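Undergrad: This is the structure, below, for whatever I ask next.
The values are calculated or read from the model by the stated rules, or taken from the named source; none is laboratory data. The shown structure was predicted, so the numbers you read here are calculated from the model rather than taken from an experiment. Reconstructed Cβ throughout: ideal geometry from the backbone, glycine too, with neighbour counts over all protein chains shown. The accessibility values were calculated without ligands, DNA or RNA, using every heavy atom of the protein model including side chains. Shrake-Rupley method; radii C 1.70, N 1.55, O 1.52, S 1.80 Å.
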Amino acid sequence: MFQRERIARLVVVGAAVFTWTTARATAQPDNQREPASPTMPAVRAEEPPMLDGRMDDPCWANAPEVSGFTEFKTEKPAVEQTRVRLLYDDRFIYVFFTCLEPEPEKILASVRKYDRKLRGDDYVELILDTFHDRRGKYVFMTNTLETRYDARGDVFGWNPSWDCDWKVACQVEKDRWCAEMAIPIDAMHFNKGENITWGVNFHRSEKGREEESFWSFHPDYVLAARACGDLVALNLSKVPVNRRPQFEAYVSGTYSQLAGNTETATGIDTSMRLTPHIITDFTVNPDFGQVEADADDIKLRDTERFLPERRAFFKEGAELFSTPFTVYYSRRFFDIDWGAKITGVGDGWRFGLIDVKGNIRRGGTAREGNYTVARVIRNVGESSHLGAILANSDRDDGYNRTGGLDAKLRLTDYMSWSSQALGLWDAEKVTYVDEEGEEYTVVERHDGYAAFTKLSYDRQPLEWRVALMDISKDFVPDLGFIRRRDLRGGSLDITLEDDVNEGTLKKWFLDGEFDFHQDHMGNTTLRDYGLAAGLHFRKRIKISVSRSEEYHRPYNNNRTSVHLAYNLEDPWHSISGTYTHGCFQEVPYDQVSIDKPFRIGKRFTSSFKANHRWEYPKGVDEEGYDLEDRTIWLWRWVSEYTFKWDARTKLTIENTNQNRHNITLFFSWYPDDSTDFHIVATAARSGEESEHGIFTKLVKRF
C-alpha cells in the first residue's frame, strides 16, 4: 500500500511540476508572439494550364509567386529555395513548384507505387485546409517520378487510405526540378461562395542537404493545419458538384488446392457526393479479399495485434471515427452482405454514419448481425471540439451497444486536454444443459464503462503527456479494439528532443515513460517503467539504447535494446539492426533483428528483414526433464519491379522455423484510369497444412 501511495504522489507531483513549468514557458510576452500567417492571393486561370511540368503556359504569368521557405531545423531560410505559384478555376486548384537544385543528379527518387510514403525521396507537398478551421487538412505529395501520395487528417485521426484522382507532371532541369499539380476541388469538402479563404502550406523535402523547408513556418507544429498560411479571395460560387454516382464493380476468381475448388465472386461499390460537404457510399457483396496480405511477425506480445485497413469501402471518412478509445475497428468485419455509409465535413461540424449487414469476428468466433456506427463532432472555439460516438450491434444472439462523449480542448498553442467517457450495454443469449440433459437458454447481461483523460504539452525540445484511464472488466465492444480491460490507473510520458545545427552531433533525444494500473479489486495488473536515449550523427550513424521493466500480471518482463542504423537519409543504401536482451513471461531471451533495403536499377527494389530469437526457458517438462533452449526465427524477402507500361510485380517470401512459410507472387496492371487487373499466386504452409492457390481480380470504375 505504501508503495502504491508513493507512486501516486510522484505522478501527481510530476504532473504538477511539468504543468507549471510549461505554462510559464508558454506565456510569452506580447512582443514575442508568433508572426501573422503569410498570405497568398488566389488568381483565377482564364485558360487551364497544360499539365507538363513546364511553366510556359500564358496563365502562369498572371499567378503571383511565393518563396522564402524556412528550414525546420535551423529556423533560417533554406539553402535550396523553392518557388510556388497557384491558380484555380471552377474545377481545379493548380500548383506549380519550382525547386532550385544545383546538383539534380543527386536527387533521390525511387518510389513508383501510388500512395506509398515518399520518406526516402526528394518530394514536394501541398497542404490544404479547405474550411480554414485549423483542424483538418488534405495533403498531396509527389517526387520527380510523378508518384502521387495523398491523405486526409482530422482532429483525432489520420487517414492515409483516402484517395483522390489528381494529376501531376514533373520535369528535371539542369539547376532545378518542377512539379505541376491539378487538384480537383470537388474531391474535397468545401464551402461554396465568394471571397472564400482556405489554409494553405507548401513543404519541400530535400535529401541532399537534408532540408525540410516550409513556406508558412511554425517551429513547434510545422505539419499541423494551424501552421498554414492563408489562400484568400477564392470565388467558389460556381464550382459544380458532381452528383453523378461513381461505380466500382469487380469480378474475382479464387482457386484453392487445399479446398480443391474454384470460387467466383462479383460485387459493386457506389459513391456519390450529395453536396460539397456530404458523400454517400453503398456496397453490395463487397470484395474483401485483400490483394496484399498482412505481414507475418514473431513479436512478443500479450495483447491482440492491431492490423491496418486496406479495403475500399472503409476508406472514405475513416478518420472521422477515430477516438481515444477505439470503439470502431473495421477489421472486425470479415464478410458483408451489404453496407451503407454517409460522411460529411462542414463549417464547424463533422459526422459519419455506417450501417452494415454481415459478420464480424470476436475472439475467433463469427457473429452475424446488423452493425451501426454513428459519429458527430462539433467545433468549439478556434481549435477545440466536442464529439459523440455510438456503436450498435444487433446480433442473432443478442445486442451490444457502446456510446459516449469525447472532447479535445486546446488550452494554449502547445497544451491540450482530451477526454472520453463511454458506457456499454450488452445482452447475450447463452444455452446451458441442466442435470437431466435438457437445454435451456438465458439472457446474460454484461454492462461496462470506460473513461480516459489526458493532458499533453508539445513544444520543442519538450513533450509530455499525463493520462488517467479506467476500464471495467465487462467493457467488450463488439466492434472495438481494446487491448486490456479491468484496469484503472495512470501514465506519464516525457520526451526531450532537439536538433543540433553545428558539429558532429545532428540530433538527440531522451524519452521516459511510466504506467501504473490496478484492477478494480486494488491488485496491481500493470506497472511499466521505460527509458530510452538516442544520438544521430552527421556521418549518418544513429544509435539508441532503451531499457524497460514491465510487470504484466502475473509476469515480470524486462528488455534492454541497442539499435544501430546507418544512412537512413538514403533508405536504399541504409542498414539497421537491433540487439535485445530480456525476459518475457519467465523466459529469458536474446534477439537480433536486421533490416536492409536496396535498389538494383531504377525500377527494381528489394528489402530483407530478419528476426532471430534465442529463448532459454527454465524449469522442467511434464516428464521431469529440463526444458531445452529453443530458437525462433523469421525472415522476409520482398522484391518489386515496376514496368514502364503501368504495371508492377512483387515477390514476397516469408519463412519461419515455426512451420509457417509463405511465397506470394503478385502482379498488377493498370491499363487505364478506370481499370485494374490483379493476379496473386500463393504457396503457403501453416503447421501440417499446405495451400497453393491463385487469385485473380478485375476492377472497373465507371
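Undergrad: With respect to the numbered conditions (1) open to solvent by less than 30 Å² (accessible area, probe 1.4 Å); (2) in contact (Cβ under 8 Å) with a residue 40 or more places away in the chain, which one is the sole condition not fulfilled by Ile494?
TA: Here Ile494 clears every test but (1).
Undergrad: Okay, next question. Every residue in region 454-474 that is in a loop (DSSP other than H, G, I, E, B) and either free of Cβ contacts under 8 Å to residues at least 60 places away in the same chain or within 22 Å of the chain's Cα centre (by Cα) (or both), please. Give the derivation first.
TA: So the first thing to find is which residues in region 454-474 are in a loop (DSSP other than H, G, I, E, B), and the list is 460-461, 472-474.
Answer for region 454-474, where residues must be in a loop (DSSP other than H, G, I, E, B) and either free of Cβ contacts under 8 Å to residues at least 60 places away in the same chain or within 22 Å of the chain's Cα centre (by Cα) (or both): Pro461, Ser472, Lys473, Asp474.
Undergrad: Here's another thing I want to ask about it. For region 51-80, name all the residues that are free of Cβ contacts under 8 Å to residues at least 24 places away in the same chain and open to solvent by less than 40 Å² (accessible area, probe 1.4 Å).
TA: Once the filter is applied, which keeps residues that are free of Cβ contacts under 8 Å to residues at least 24 places away in the same chain and open to solvent by less than 40 Å² (accessible area, probe 1.4 Å), region 51-80 yields only Asp57.
Undergrad: Let me ask something else. If you go through region 517-550 one residue at a time, how many are more than 29 Å from the chain's Cα centre (by Cα) and of a type in the set (Phe, Trp, Tyr)?
TA: 0
Undergrad: Search region 421-454 for residues being of a type in the set (D, E, K, R) and surrounded by 12 or more Cβ atoms within 10 Å (Cβ to Cβ), and hand back the single one that is modelled with the highest pLDDT. Working first, answer last.
TA: Keep residues of region 421-454 that are of a type in the set (D, E, K, R), which gives 426, 428-429, 434-436, 438-439, 444-445, 447, 454.
If we keep only those that are surrounded by 12 or more Cβ atoms within 10 Å (Cβ to Cβ) as well, we get 426, 428-429, 447, 454.
On the way: Asp426: 94, Glu428: 88, Lys429: 87, Asp447: 94, Lys454: 97.
My answer is Lys454.
Undergrad: Could you check, for region 530-540, whether at least one of its residues is buried (at least 16 other Cβ atoms within 10 Å of the Cβ), among the charged types (D, E, K, R) and modelled with pLDDT of 95 or more?
TA: No - not one qualifying residue is present in region 530-540.
Undergrad: Could you look through region 246-270, keep only residues that are open to solvent by less than 40 Å² (accessible area, probe 1.4 Å) and not charged (D, E, K, R), and pick out the one that is farthest from Val200 (Cα to Cα)? Let's see the steps before the verdict.
TA: Our first condition is that a residue be open to solvent by less than 40 Å² (accessible area, probe 1.4 Å); within region 246-270, this holds for 249-250, 252-253, 256, 265, 267, 269-270.
Pick out the ones that are also not charged (D, E, K, R) and you get 249-250, 252-253, 256, 265, 267, 270.
Details: Ala249: 36, Tyr250: 37, Ser252: 42, Gly253: 45, Ser256: 50, Ala265: 44, Gly267: 39, Thr270: 31 Å.
Once the filter is applied, the top-ranked residue is Ser256.
Undergrad: Could you pull out the residue among Tyr670, Tyr579 that is among the aromatic types (Phe, Trp, Tyr), buried (at least 16 other Cβ atoms within 10 Å of the Cβ) and either in contact with an Asp or Glu (Cβ under 7 Å, 6 or more places away or on another chain) or assigned to a strand (DSSP E or B) (or both)? Reasoning before the result, please.
TA: Numbers: Tyr579 fails: buried (at least 16 other Cβ atoms within 10 Å of the Cβ).
From the options Tyr670, Tyr579, the qualifying one is Tyr670.
Undergrad: So if I check each of Pro588, Pro597, which one is open to solvent by less than 70 Å² (accessible area, probe 1.4 Å) and more than 24 Å from the chain's Cα centre (by Cα)? Before the answer, list the steps.
TA: On the way: Pro597 fails: more than 24 Å from the chain's Cα centre (by Cα).
Just a single option satisfies the conditions, and that option is Pro588.
Undergrad: Follow-up. What pairs come up if the first residue lies in region 437-448 and is under 16 Å from Gly398 (Cα atoms), the second is open to solvent by 100 Å² or more (accessible area, probe 1.4 Å) and not acidic (Asp, Glu), and their beta carbons are under 6 Å apart, counting only those six or more places apart or on different chains?
TA: Note: pairs meeting the criteria are Thr441/Lys429; Val443/Lys429; Asp447/Trp425.
Undergrad: OK, next. Kindly evaluate Ser418 against the criterion of being crowded, with 20+ Cβ neighbours inside 10 Å, of a type in the set (Ser, Thr, Tyr), over 30 Å from His612 (Cα atoms) and within 21 Å of the chain's Cα centre (by Cα).
TA: Working: crowded, with 20+ Cβ neighbours inside 10 Å: yes; of a type in the set (Ser, Thr, Tyr): yes; over 30 Å from His612 (Cα atoms): yes; within 21 Å of the chain's Cα centre (by Cα): yes.
Answer is yes for this residue.
Undergrad: Give the residue that is modelled with the highest pLDDT, with candidates limited to residues of region 298-341 that are charged (D, E, K, R), farther than 27 Å from Lys454 by Cα and over 19 Å from the mean Cα position of the chain (by Cα).
TA: Lys341
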